[in-house]
Amino acid sequence: DGGITQSPKYLFRKEGQNVTLSCEQNLNHDAMYWYRQDPGQGLRLIYYSQIVNDFQKGDIAEGYSVSREKKESFPLTVTSAQKNPTAFYLCASSSGQMSTDTQYFGPGTRLTVL
Amino acid sequence: LAKTTQPISMDSYEGQEVNITCSHNNIATNDYITWYQQFPSQGPRFIIQGYKTKVTNEVASLFIPADRKSSTLSLPRVSLSDTAVYYCLVGYSLMNYGGSQGNLIFGKGTKLSVKP
């Protein structure tokens, strides 16, 4: 089956700890994205990558970091510098960057800071 | 940057047709209109996309008037499983080349509640 996987589904973190969220896709897509969603809100873009070894900050990149060493993988690290990290995190990918290129989303990771 | 406005919420009953309208007065010539659906605790999924006039697929129809300043997503004969949030996105590219903000923005969407 082709698609996007995210792990873990639920993640708990103590304050002051860094945590890494996994995102893998086997759709052979060039572009990948990380979004954050808070309750009752829309999605906000954290980082995106158009190609391997390249990524750009989105609207709310502070306190987050990413890497894109392989086409299939785009992990997101939530650092201790992120003031309010508790949220639902969604990873997506698309074949290109045009609006006609559909974004495919993973199932999400719900992060809770204790 | 095209901005969209859509109702925060809508209620319907099973079997009814539901029309969700999205306003995008600043739409640019090259912009496409795309709708996504999101169920609770899941990622959004693509429903339909169009540029002008009418587009229909197995799930929905999209009506776009000649001036393209609005669009209407039509869901025929909804069921309880259509209860979800529906997002209207307008843009040309997923990301501004050389910029930090994408043209396609997921706002708060429209929360559709279908009742029995």
Restricting to region A:56-75, count the residues that are within 11 Å of chain B (Cβ to nearest Cβ), in contact with a Lys or Arg (Cβ under 7 Å, 6 or more places away or on another chain) and not aliphatic (A, V, I, L, M). 1
Only one of B:PHE106, B:PHE39 is closer than 27 Å to A:TYR10 by Cα, open to solvent by 30 Å² or more (accessible area, probe 1.4 Å) and within 13 Å of another protein chain (Cβ to nearest Cβ). Can you tell me which? B:PHE39
Going by the structure shown, is B:TYR32 open to solvent by 50 Å² or more (accessible area, probe 1.4 Å), of a type outside the set (S, T, N, Q) and over 15 Å from B:ALA84 (Cα atoms)? yes
Would region A:60-76 turn up any residue that is over 12 Å from the mean Cα position of the chain (by Cα), more than 21 Å from B:TYR92 (Cβ to Cβ) and of a type in the set (Ser, Thr, Tyr)? no
Can you name the condition, by its number, that B:PHE46 falls short on among (1) more than 11 Å from the chain's Cα centre (by Cα); (2) surrounded by fewer than 18 Cβ atoms within 10 Å (Cβ to Cβ)? (1)
Among the residues of region A:40-59, are any in a loop (DSSP other than H, G, I, E, B), surrounded by 18 or more Cβ atoms within 10 Å (Cβ to Cβ) and touching a strand residue (DSSP E or B) at 6+ places or on another chain (Cβ under 6 Å)? yes
In region B:88-102, residue modelled with the lowest pLDDT [restricted to those that are open to solvent by less than 30 Å² (accessible area, probe 1.4 Å) and facing chain A (nearest Cβ under 7 Å)]: B:GLY102
Which of the following residues is under 12 Å from B:ILE33 (Cβ atoms), small (Gly, Ala, Ser) and at pLDDT 95 or above: B:SER61, B:SER71, B:SER113? B:SER71
Go through region B:2-55 and tell me which strands (runs of 3 or more DSSP E), entirely inside it, have 2 or more residues that are within 20 Å of A:THR102 (Cβ to Cβ) and in contact with a Cys (Cβ under 9 Å, 6 or more places away or on another chain). B:18-23, B:32-38
Residues in region A:69-91 that are surrounded by 20 or more Cβ atoms within 10 Å (Cβ to Cβ) and at pLDDT 95 or above: how many? 7
Which pairs do you get when a residue that is at the interface with another protein chain (Cβ under 8 Å from one of its Cβ atoms), found in region A:94-111, comes within reach of a residue that is among the small types (Gly, Ala, Ser) and part of a loop (DSSP other than H, G, I, E, B), reach meaning Cβ atoms under 6 angstrom, with the pair 6+ apart or on two chains? A:ASP101/A:SER95; A:PHE105/B:GLY43; A:GLY106/B:GLY43; A:GLY108/B:GLY43
Out of curiosity, is A:TYR104 farther than 18 Å from B:SER41 by Cα and of a type in the set (Phe, Trp, Tyr)? no
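The values are calculated or read from the model by the stated rules, or taken from the named source; none is laboratory data. The shown structure was predicted, so the numbers you read here are calculated from the model rather than taken from an experiment. A quick note on method: Cβ atoms are made from the backbone with ideal geometry, for glycine too, and the neighbour counts reach across all protein chains shown. These accessible areas exclude ligands, DNA and RNA; they are computed on the full protein's heavy atoms, side chains included. Shrake-Rupley method; radii C 1.70, N 1.55, O 1.52, S 1.80 Å.
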